[in-house]
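Take a look at the structure set out below.
The values are calculated or read from the model by the stated rules, or taken from the named source; none is laboratory data. Treat the numbers as computed from the prediction; the structure is a model and nothing was measured. For neighbour counting, all protein chains shown are included, and Cβ atoms are generated from backbone atoms with ideal geometry for every residue, glycine included.
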Amino acid sequence: MRALKALVIGMGLLIVAGMALIAYGLYSKATDPGFSLFSTGGGPTQAFDEASITLPSGCIIVEVQPDGDRLYLRIGPPINECERVIVLDTHTGKILGTIGVTR
């Protein structure tokens, strides 16, 4: 009978601890959408030092659009050799690809 009582108390404590963990997770996710309770192991945790992009003469970065782990740079002005979108990885600073615009 004592073992059953201990089992019920132990399981009750596990339920309370689980509910507290769920409440903490919901609160953390509501205040920080990027919150993750457990590490996903997706990518390095250290920031890169410096990234360098070489643009043709007369070309400038017109717009920067972040999207999760990627950063989209729109290059302009709309001249044939300038107009393109460069996709960067925000963790490493490496160029993932370039989308050229042809007319």
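Key figures
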quantity	calculated
Top-ranked residue in the range 1-37 [being surrounded by 10 or more Cβ atoms within 10 Å (Cβ to Cβ) and polar (S, T, N, Q); ranked as farthest from residue 66 (Cα to Cα)]	28
Residue 86 touching a Ser or Thr at 6+ places or on another chain (Cβ under 9 Å), modelled with pLDDT of 90 or more and not in a loop (DSSP other than H, G, I, E, B)	yes
Selection count, the range 66-99, where residues are among the hydroxyl-bearing types (Ser, Thr, Tyr) and under 12 Å from residue 51 (Cβ atoms)	2
